[in-house]
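Working notes, beginning with the structure itself.
The values are calculated or read from the model by the stated rules, or taken from the named source; none is laboratory data. This structure is a prediction, so every number in the text was calculated from the model and none was measured. In this analysis, Cβ positions are derived from the backbone assuming ideal geometry, glycine residues included, and neighbour counts consider all displayed protein chains. Note: accessible area is taken over every heavy atom of the protein model, side chains too, but ligands, DNA and RNA are not part of it. Shrake-Rupley method; radii C 1.70, N 1.55, O 1.52, S 1.80 Å.
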There are 4 protein chains.
Amino acid sequence: MNSFGQIFRISIYGESHGKSVGVLIDGVPAGISLKSEDFEKDILRRKPNKTGTTPRIEEDFPNITSGIFNDKTTGAPINIYFENKNTKSSDYDFVLQTPRPGHADFVASRKYKGFNDYRGSGHFSGRLSLPLVAAGVIAKKNIPEIEIEAEILEIGGEKDYSSILEKTIAEGDSLGGIIECTAKNMPIGLGEPFFNSLESMISHLIFSIPGIKGIEFGNGFEAAKTKGSENNDRYISTDGKTATNNAGGINGGISNGNDLIFRVAVKPTSSISKTQETLNFQTKEIENLNIEGRHDACIALRMPVILEACTAIVLADMIMVNKAR
Amino acid sequence: MNSFGQIFRISIYGESHGKSVGVLIDGVPAGISLKSEDFEKDILRRKPNKTGTTPRIEEDFPNITSGIFNDKTTGAPINIYFENKNTKSSDYDFVLQTPRPGHADFVASRKYKGFNDYRGSGHFSGRLSLPLVAAGVIAKKNIPEIEIEAEILEIGGEKDYSSILEKTIAEGDSLGGIIECTAKNMPIGLGEPFFNSLESMISHLIFSIPGIKGIEFGNGFEAAKTKGSENNDRYISTDGKTATNNAGGINGGISNGNDLIFRVAVKPTSSISKTQETLNFQTKEIENLNIEGRHDACIALRMPVILEACTAIVLADMIMVNKAR
Amino acid sequence: MNSFGQIFRISIYGESHGKSVGVLIDGVPAGISLKSEDFEKDILRRKPNKTGTTPRIEEDFPNITSGIFNDKTTGAPINIYFENKNTKSSDYDFVLQTPRPGHADFVASRKYKGFNDYRGSGHFSGRLSLPLVAAGVIAKKNIPEIEIEAEILEIGGEKDYSSILEKTIAEGDSLGGIIECTAKNMPIGLGEPFFNSLESMISHLIFSIPGIKGIEFGNGFEAAKTKGSENNDRYISTDGKTATNNAGGINGGISNGNDLIFRVAVKPTSSISKTQETLNFQTKEIENLNIEGRHDACIALRMPVILEACTAIVLADMIMVNKAR
Amino acid sequence: MNSFGQIFRISIYGESHGKSVGVLIDGVPAGISLKSEDFEKDILRRKPNKTGTTPRIEEDFPNITSGIFNDKTTGAPINIYFENKNTKSSDYDFVLQTPRPGHADFVASRKYKGFNDYRGSGHFSGRLSLPLVAAGVIAKKNIPEIEIEAEILEIGGEKDYSSILEKTIAEGDSLGGIIECTAKNMPIGLGEPFFNSLESMISHLIFSIPGIKGIEFGNGFEAAKTKGSENNDRYISTDGKTATNNAGGINGGISNGNDLIFRVAVKPTSSISKTQETLNFQTKEIENLNIEGRHDACIALRMPVILEACTAIVLADMIMVNKAR
């Protein structure tokens, strides 16, 4: 299923080294101002323009082909695509014999019986997060009252991570990180008891981002170590504000009006230039693998805007679902 | 949305203190042997029969009213309900003025404009995990080749938790815990790149269980602190087996044939007999709250069989989806 | 898929000769008054209490087991079931060798590999229209402003059909009919251009009723014989009212504020006591079949309230979907 | 909702006078040979290349931008778009004051609060049937064993329609028609008892085609005039073949292995050059309207290949759904 959402509904397509990647967005209300410039800021934030990100540079211009008329949404489905221009597909032929550890090469080949586009991870590429960011821009426009902001908490286990990042790049290795996302000015009542709890919907979408291995809401895994008397957030006002926010803004799967807070674990980039041993599936020998290509040393660095996009998409959809009743 | 699944599809209903709780299951193949005895073992495992669980005892007999003929599934939807017999609704009247911290009382009242059944958390109750377990029994019957097993890793931060559990019960307080779930003999290829990654589907369903605040796959949050050279799982055989299993059996959102492993954080029960301060929404005064009623001191203790059920439901559905292509 | 609807969503279960038939309704707004008496009128209209209907009499009391508290909807899923009391299952054993012409016996046996509950057509029975009617009662309560009314246009090709009906009953034969359904006070804007046109949604649900073989909107098949200059409905007021209503209240898949009008063709009951020749699948001989059992001579007679229910369900859902944007 | 299908799932986008129209297809199995030439025949059949069709000529080249690698499907979503080149948007400005009778101008303006792209009916245009035809080509490749063929039964009420067609064109008027679609070599068991009967799924998709006002299966509305003894199809062989096929190949919503047969009513094109009276919504006067533009005198002429496409899409999806169990 390449679609997500009940009313504000996105469908995604494209491959890393194909003609383009894109997103089709259904359920956008009519009359929202939308120009290609609106995408600039978030697309720029996702770009690999920092130490530790890939040298592959793409223009990433959003081509909007439908659903817009006189710079406003029409209510019809919005299709946006981004051309792939800076592709070097010859980089990837080796994965047929030597699927890269940590990547989808092996599972994709088995799932799709060898017919998958393996170049640059194909449809599994992190490049597909670009259309997610584009959908996020539109989602944010639907819920201007909510402030969503994601920030890097740590990279490679360090809050002050510049030294370790440079050292790891020099080693040809990669790093993971932890990102926290917060949404302020949350309405009360988003989410369903079963099965579309707010945590369910957010985690569903977040785990579609390549490289995410964990998510926790509020104090999350720390909650498992506490007592109820410490973990319960006591109410301090009749609008539901609580003295603490261990729940991360969600009770019983429903937003409670306090800030929505969650953190995700991003694994270190699977592609590393450092030599790693792995199996050659053809020769059936263990051999040394050096991944040349171009890749991020730390995909977590580009993750905040993607998390914000996913959060906005879920909130926009669930606000619409709530309006329906 | 009270439904989950694409082909093997469950819908859940009922309230803690209503007539019954139940589940309607669609998409079950015809010809699977199914009797009420088949539910006994898992229902018993969910029962509050241990130190730290609620004194509310229910018979929990599965009444199957459709979809079964001559003790075999017919292919038509299966409805199963469980009567609520041992209810003491008067326990819960106070929540109207004093919504219990950590519970859904406040959000439910706001979301449903005061019309929600607030008795024992109503539709938000942990009792709704009983129909989930029942659906899990049927899901497991659909995928007998996969061995799913969940176990408690720690309670209140302790692996050896009996002392802390007894101490906390004596204090009238509650504890959280961490549970790990493993599925062995996994097929390769379950899950979709976007948006139905295996992590997406599992987390979606798992976060519908009351009390879950975090989930991580493989080495999860630990991965965020490692380097790629440490975290990548190198292949050791052409069936995709890897030397390590940091990925928890999933690459690119797709099962890779290694064991599926995930852990969840269960918060401490929100209901505690220990005095806690919170707002009386009527008087607008902070006051002392002692929750009498009957409740678990640690819902994590009853969680393993529920996690197994959810895992089985997702795997059964995704195996069917894969067969479709 | 035993579910229908995006927001107001119904799931159906049960068999003709099982314990019960029922419906699970999700997405009902909280605070709607609902008692078992509210179902009486429509359930009575569906009952076989006229010449040409089956002698099987059921109490048809709606048991509401969830989603209601203090006689009001809570916003949680509503489960309603009807017990089957007056069943004579021995009537149906013969269908294993001699699937009844016109019935689902053959296809059900093949689709479900012989495990289907064949008694009284099992899950394929017209008795399943009872939970549809119940869901329709709740749907109607959601859209009190819209007046939905279905009426019999003809039975066996006759507007004045009492003579032909009596004659056909005497012959042990059965009759079909045409029913027209109208919804007045329609809002403008229900339906989607692709793929959920109002015609799409209505026809989808209507064709789930056993025995429907055709549907037409407005002047329907007659439109195919006309010219545009005759068929176009010219506007006469700025609220979209038209001089004629050949479109049946729908343009481009969207309601235009004029009355919604459609007609359905109901086939003659497949069960007839009159001798018919058909194949015995065991002996592979053509033999004479007399269907004893109890059956309607004309299911069209009981159809109006079922069509109204389906129309109300679709309109309630689509009005909610529209509110979402 | 711009999507249709459970497994083989299509989403459609674009406007008549926008940049392009397109379709995104999910759930296509990997390894199916697919080149742009494969679309030629069906796209040509849809083209306005006959007496009575529009002079707007488009190249209609299928640009496939994803999901294909080495001329084979990869299992990833397939995006196909068609550029709009031959557009004359100035033709359509008048519809703002004078919504065209029979068209979606009025409802679209109301539903989308005036923000809809009204040029050439925008997203409501018959041009959107082009991506449907493209999706149909891929669907047909998935079910090569089934032969689907649609043919014109009558135009303007005439089987031999060339004279009336020429006469009507000369008058600046338009004609409707009736098309019959047949699928041979049908498998037994497609469809669900509730709610996804085969009739439900086919009618759902068919009614998304602009201009369809009725559908009937087998003998359809004629069945309503017959007796059960005449209408029942008696079995003649153990593979379910029947002596007659009044049911149109469907019993109880499930395909029975006989030919699937249905007919649709296509209304006369709403755009006519002949003068028609209608309301000017600005002046609130009834005035004479002559629609210049370019339009078909009879859209039914281009309909057969579109019906085939829709039938193939539904059958491909339902065959996949059946495989899932």
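Before moving on, here are some points about what is shown:
- Label distances, nm, A:Thr275 versus same residue in remaining copies, Cβ-directed 7 Å point: 6.9, 9.0, 9.2
- Residue by residue along C:271-280, Cβ atoms of other protein chains within 10 Å of the local Cβ number 4 on average.
- Alpha carbon Rg of the protein assembly as shown, scaled by the compact-globule rule 2.2 N^0.38 Å: 0.91
- Inter-copy label distances for D:Gly172: 6.4, 7.8, 8.9 nm (label point placed 7 Å from Cα along Cα→Cβ; shortest first).
- Cross-link table C:Lys111/C:Lys267; A:Lys227/B:Lys88; A:Lys284/B:Lys141; A:Lys41/A:Lys323; A:Lys323/B:Lys88, entries beyond 28 Å C-alpha to C-alpha: A:Lys284/B:Lys141; A:Lys41/A:Lys323; A:Lys323/B:Lys88
- Built from the Cα atoms of chain B, the convex hull projects on average onto 18.4 nm², one quarter of its surface area.
- Dimensions of segment C:83-179 along the principal axes, based on C-alpha atoms and rounded to the nearest Å, stand at 48, 39, 26, largest first.
- Simple point charges give the picture: +1 on the Cβ of Lys and Arg, -1 on the Cβ of Asp and Glu, and for chain C a dipole about the Cα centre of about 560 debye.
- Within the same chain, lysines fewer than 8 places from D:Lys85 are excluded, and of the rest, those with a Cα less than 18 Å from its Cα are D:Lys19, D:Lys47.
- The residues of segment A:219-325 present an accessible area of 31 Å² per residue when probed at 1.4 Å with all protein chains retained.
- Estimated dipole of segment A:210-252 in Debye, rounded to 20 [Cβ of Lys and Arg +1, of Asp and Glu -1, Cα centre]: 80 debye
- Candidates D:Val95, D:Val23, D:Val107: whichever shows maximal mean-square fluctuation once chain D is modelled as a Gaussian network with Cα springs under 10 Å: D:Val107
- Computed [θ] at 222 nm, helices only, for chain C once each DSSP H run of length n ≥ 4 contributes -39500 (n - 2.57): -6500 deg cm²/dmol
- Counting, for every residue in B:169-182, the Cβ atoms of other protein chains within 10 Å of its Cβ and taking the mean gives 3.
- Charged side chains reduced to their Cβ positions (Lys and Arg at +1, Asp and Glu at -1) give segment A:111-266 a dipole of some 560 debye around its Cα centre.
- Legend: mean number of C-beta atoms from other chains within 10 angstrom of residue C-beta atoms, peptide B:309-320, equals 1.
- Leading residue at positive end of dipole, segment D:58-208 (Cβ point charges), from D:Ile152, D:Ala139, D:Pro77: D:Pro77
- For segment B:169-273, the pair-distance distribution built from all alpha carbon pairs, in bins 5 Å wide starting at 0, is 3, 12, 19, 20, 18, 11, 7, 5, 4, 2, 1, 0 percent.
- Cα lying deepest toward the dipole's positive end in segment C:3-324, options C:Met303, C:Thr51, C:Val95, charges on Cβ: C:Val95
- A crude spin-label estimate for the pair C:Lys50 and D:Lys85, with each label 7 Å from Cα along the Cβ direction, gives 6.0 nm.
- Mean Kyte hydropathy of -0.5 or more with a Cα span along the axis of at least 18 Å, helices from DSSP in chain C: C:129-142, C:304-324
- Fraction of accessible area attributable to carbon and sulfur, segment A:124-254 (%, probe 1.4 Å): 47 percent
- Interface B:D - total buried accessible surface [probe 1.4 Å, Å², rounded to 100]: 1000 Å²
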